[in-house]
1. Simple spin-label model, 7 Å along Cα-to-Cβ: Ala358 to Tyr341 in nm?
2. So if I place +1 on the C-beta of Lys and Arg and -1 on the C-beta of Asp and Glu, and nothing else carries charge, what would the dipole magnitude of the stretch 70-183 be about its Cα centre? I want it in debye, nearest 20.
3. When all protein chains stay in place, what accessible area (Å², nearest 10, 1.4 Å probe) is found for Val303?
4. In terms of solvent-accessible area of protein heavy atoms at a 1.4 angstrom probe, what is the ranking of Ile140, Ile97, highest value first?
5. So how many Å³ per residue does the convex hull of the Cα atoms of the stretch 40-156 work out to?
6. As an exercise, use a Förster radius of 35 Å and the Cβ-Cβ distance of Ser376 and Thr319 to find the FRET efficiency, rounded to the nearest 0.05.
7. Please compute the per residue accessible area over the chain with all protein chains in place, 1.4 Å probe, rounded to a whole number of Å².
8. Can you pull out the chymotrypsin sites (Phe, Trp or Tyr not before Pro) in the stretch 62-119 that DSSP calls coil and that have at most 13 other Cβ atoms within 10 Å?
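The values are calculated or read from the model by the stated rules, or taken from the named source; none is laboratory data. Just so it is clear, the structure is predicted and the values come from calculations on it, not from any experiment. No Cβ is skipped: glycine too gets one built from the backbone with ideal geometry, and neighbour counts run over all protein chains shown. All accessible areas refer to the heavy atoms of the entire protein, side chains included, with ligands and DNA or RNA removed. Shrake-Rupley method; radii C 1.70, N 1.55, O 1.52, S 1.80 Å.
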Amino acid sequence: AYALSPNGYAPHNSDSDRPLSDASQAIKPLLARGPILAAADAYDRPDWRYIATNGEEGARPPRSPSVLFPWAGQLIMRSGWEAEAQWGFFDLGPWGILHQHNDMLHLSVTAGGRDLLVDSGRYTYQHYMGEAGTWRSYFIGSAAHNVICVDGLEQTNGPALAARPVEAVITPAYDYAQGTYAGGFTDVATAAARHKAYLYRWELPRDAVREDITHTRGVLYLRGVGWVVVDRVTLMQPRRVTPLWHFHPDCTVACEAQSVVTVDAGVGNLRIQPVAPFEWEIELVRGREGPDFQGWYSPEMDVRLPNTCAIYAANLPRTATFAWLLLPGNGAVPACSVTAYDAPEGAVHLRLDIPGQAPLEIAVRLDEALPLRLTSGEMLTAPCAVRPAEGR
């Protein structure tokens, strides 16, 4: 119930389905309102009924609308329980033991009554291990998720099970969590071979796996406002880094300078605005056929639809930290004015002047040992800080 999106679905990740309609015959349908309402009656849980009816029935939950599932490693972020609430799903947990996708640190976003940033879905079980050049290789691979690829290489399998629960900060004003993918990057053929070796309990092949590249992502949700995503890619040599953002097929996507924004009239939209000390190259890809598949979405088994993937790319000489503002809104979403303060590598310190919002000072450090001084003069002692910005 507490993971339910405002439009009535459980998170759409790994080999799950997000059926097109109530009448869909998809396996393991994620349309969860009916079962939750039945459970609410059976177990006398008016809070579950409140969630499943977007606050029209039942009793409001006496807790934050956001929730962390610490052993699954999943953070659900939301502004409230209403049908047009903001909702985010951040996956920072283990790879899993079956039906896994190579998608650690993926982020999905729903706002304004519709899905905006999405997971790929599964499409097919043909070539289950994801052999190179197959449809399955795309749908289970990093290229189909909102993560980062490096030199055309994707994630391979990380730890199957959690050694410890993940942690998050959930407050009335904001939520924050961060994770690190350190399982290595490799080509699609090697990722498929490792997937097969894992399932058959063979020794995992290590050839062609670059273990000297890691990706750390911190996600800060400003409740009712939007998200600040901070990425750090650790590199031992110059490499081409490609962050990916996949939109729902119904979204019309356009580039505005360095931003990518959905531009559909009268509905929920999203602006992705990068904050980086360098310029990104941007390409919008929709429905590209293989072997270099890109821009496909599968709501349920045997169904694939073209969707737009915004591919950001930059040649980086060394380890780099950069950020993204994910700003939802109804109709046109204006750009945010951003002031970047000095911060050590591995941290960001920003002033955000978001139209219609009070100015905010934001600080995020991905390493707790990094010294970071706020504009007030005090040193940051937590993973992040959110406070009203001083001055104009």
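1. Calculated label separation equals 1.7 nm.
2. Details: 5 positive and 11 negative charges, 38 e Å.
The calculated dipole for the stretch 70-183 is roughly 180 debye.
3. Approximately 40 Å² of Val303 is accessible to the 1.4 Å probe.
4. On the way: Ile140 10, Ile97 110 Å².
So the residues, ranked largest to smallest area, are Ile97, Ile140.
5. Working: hull volume 16.5 nm³, N = 117.
Spelled out: Cα convex hull of the stretch 40-156, divided by residues, is 141 Å³.
6. On the way: r = 29 Å, r/R0 = 0.82.
That gives a FRET efficiency of 0.75.
7. Values: 16230 Å² over 392 residues.
With all protein chains present, the chain gives 41 Å² per residue.
8. Details: sites: Trp71, Trp81, Trp87, Phe89, Phe90, Trp95; in loops: Trp71, Trp81, Trp95.
For chymotrypsin sites (Phe, Trp or Tyr not before Pro) across the stretch 62-119 that sit outside H, G, I, E and B with at most 13 neighbouring Cβ atoms in 10 Å, the list reads Trp71.
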